[in-house]
Amino acid sequence: MKAYKIVRQNWYIDHRFHTTDMISLVVNKFTLEYKLCKKTVPTIGKIFVFKTFDRAKSYYRNYAFESGPFFIIEGEAENCRNISKISSFRDDIEKFWKAKKNHKNPSKYLCTEEALSESCVCTSFTPTRILWSSSR
């Protein structure tokens, strides 16, 4: 399925696209690296994507900080599924996905929030093109 991902380009790491969260500049174990035409598969959990370009851009405009540059990339998302809850805190991401894997409700013991409309999670994402840049 065609999907859209907000990513930051980290100039300190060979001009590749990275994503952690919208405000962190820190590359950590949850950081995923995206290269055009190369499949990315997470080591923990799934990849959060938007179903439409307009929703991704709207989310960026409403929630992003100025620590860019940010890009919206279009790509192919495999095995997309709707998700009702997401982890509220970066520190809980691993616990969140372990609970989901063990068929437990992470909302019972972790801070979660409603997933954004027109979003889903997928098992892999292959970027095909850059659609938008915050620096343009």
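In the range 82-105, of all residues being under 13 Å from L116 (Cα atoms) and of a type outside the set (S, T, Y), the one that is modelled with the lowest pLDDT corresponds to I86. Just one of the numbered conditions (1) modelled with pLDDT under 85; (2) loosely packed, with under 14 Cβ neighbours inside 10 Å; (3) more than 19 Å from A3 (Cβ to Cβ) is not true of T43: (1). Picking from residues in the range 46-74 that are assigned to a helix (DSSP H, G or I) and of a type in the set (D, E, K, R), the one that is modelled with the lowest pLDDT is R61. Can you name the condition, by its number, that A77 falls short on among (1) loosely packed, with under 13 Cβ neighbours inside 10 Å; (2) at pLDDT 80 or above? Condition not satisfied by A77: (1).
Quick check on my filter: what residues within the range 31-40 are among the hydroxyl-bearing types (S, T, Y) and either surrounded by 19 or more Cβ atoms within 10 Å (Cβ to Cβ) or at pLDDT 90 or above (or both)?
So the first thing to find is which residues in the range 31-40 are among the hydroxyl-bearing types (S, T, Y), and the list is 31, 34, 40.
Y34, T40, listed by residue number.
When R8 is tested against the conditions (1) basic (K, R); (2) modelled with pLDDT under 90; (3) not in a strand (DSSP E or B), the lone failure is (3).
The values are calculated or read from the model by the stated rules, or taken from the named source; none is laboratory data. Computed from a predicted structure; not experimentally measured. Cβ: placed from backbone, ideal geometry, glycine included. Neighbour counts: every protein chain shown.
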